[in-house]
Amino acid sequence: MPHTVKALITPGPKAPFAAGTIDRREPGPADVVIAIEYSGVCHSDIHTARAEWGETIYPLVPGHEIAGTVTAVGSAVQKHALGDRVGVGCYVDSCGACQYCLAGQEQHCDKGAVFTYNSRDYQGDPTLGGYSAEIVVGQDYVLKIPDALDLAHAAPLLCAGITLYAPLKEWGAGPGVRVGIVGMGGLGHMGVKLASALGAEVTVLSRTLAKQADGLQFGAQAYRATSDPKTFTELALSFDLLISTVSATGEIDTLLGLLGTNGTLVFVGMPPGPQSVSISPLTTRRRKIAGSLIGGIALTQEMLDFCAAHGVAPEIELITADQVDATYDRVVAGDVRYRAVIDAHSI
């Protein structure tokens, strides 16, 4: 039988969050029960809660940056044990049989990955996320959090961390590779830290120089303001890889001009509406435009282990449940440095 747990719930796009209860499924043989200790606030949570990305299933419990402790396991569970420090990211199920699942790219499942919230499981029931006291997840979608990572700081790695680690690995960031990170918010600051730890030459491209000191401290070699027209002339042909973390509409052609021959512009932020691009900047330098969506389970575990080994962790603000609505407004205003994390004990 389902069991009741505490959660933060919003009933509609303009409604505040309120404490309440939700039902979690009875654990099956392959399930892991996790007492949630921390849940990161992702901008995706805000877009979804405010119905800015299309249909939202209300009542909604967001949260896909989950860190906690295993409190029960099913009889067939072999990957996790009672007391393990674990995490859950952006999805909680996939078909397990298609070419992408078999290749460890479950986020691209042909059947459709079941996302941690605002999705429907394969039985048709809506999923409810990490702004709650507990979650039940199949063992294959639960990550191990190394002891070297503090749980509160580990939570944002389950989305923000893997969102940046995946394209950095896919496009070969490392020694001698010139990487530009566009935007330095919750995603961007992780891009700077991870690219630096991978050994790349890192430049931050931000609207202003307000966060310059932070960017250099996080490992960037240079920090330039996109509001300064000289930036785009002086940095022409300067990068092998540009990763855009911003959701604001930008001039793609202008960004392409910063790439050298064979360079790649990767979008991990999602601007609203269609974007336009000229073909000539692509053909003249054999440049590429790509997108990247989080990462597979194996790569996410690799990222967690990498962060533990290299001392990489997000900068966080720990908040309580009654601060979530105000924090949403602060995230939109760019006032959080750099990732808000809910102390789930306060729910």
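In contact with a Leu (Cβ under 9 Å, 6 or more places away or on another chain) and in the same structural domain as A81 (by TED's automatic domain parsing): does that describe A200? Here the answer is no, as A200 does not meet what is asked.
Here Y117 meets the list (1) among the aromatic types (F, W, Y); (2) in contact (Cβ under 8 Å) with a residue 24 or more places away in the chain; (3) farther than 20 Å from V341 by Cβ almost entirely, failing just condition (3).
State which residue is modelled with the highest pLDDT when the search covers only segment 220-234 and only residues that are in a loop (DSSP other than H, G, I, E, B) and surrounded by fewer than 18 Cβ atoms within 10 Å (Cβ to Cβ). For segment 220-234, the residue satisfying everything is Q221. Between G180, G172, G188, the distinction of being in a strand (DSSP E or B), within 20 Å of the chain's Cα centre (by Cα) and not basic (K, R) belongs to G180 only. Just a yes or no: is a residue in segment 319-340 within 30 Å of K14 (Cβ to Cβ), assigned to a helix (DSSP H, G or I) and among the small types (G, A, S)? Yes, that holds for at least one residue.
Within segment 64-82, can one find any residue that is over 29 Å from L149 (Cα atoms) and either surrounded by 17 or more Cβ atoms within 10 Å (Cβ to Cβ) or touching a residue at least 24 places away in the same chain (Cβ under 8 Å) (or both)? Taking every residue of segment 64-82 in turn, none turns out to be over 29 Å from L149 (Cα atoms) and either surrounded by 17 or more Cβ atoms within 10 Å (Cβ to Cβ) or touching a residue at least 24 places away in the same chain (Cβ under 8 Å) (or both).
Kindly evaluate L304 against the criterion of being assigned to a helix (DSSP H, G or I), crowded, with 19+ Cβ neighbours inside 10 Å and in contact with a Lys or Arg (Cβ under 8 Å, 6 or more places away or on another chain). In short, yes. Taken over segment 311-331, the criterion of being under 11 Å from H43 (Cα atoms), more than 16 Å from the chain's Cα centre (by Cα) and among the β-branched types (V, I, T) is satisfied by T327 alone.
The values are calculated or read from the model by the stated rules, or taken from the named source; none is laboratory data. For clarity, every value in this text was computed on a predicted model and none was experimentally measured. Every residue, glycine as well, gets a Cβ built from its backbone with ideal geometry; the counts of neighbours run over all protein chains shown.
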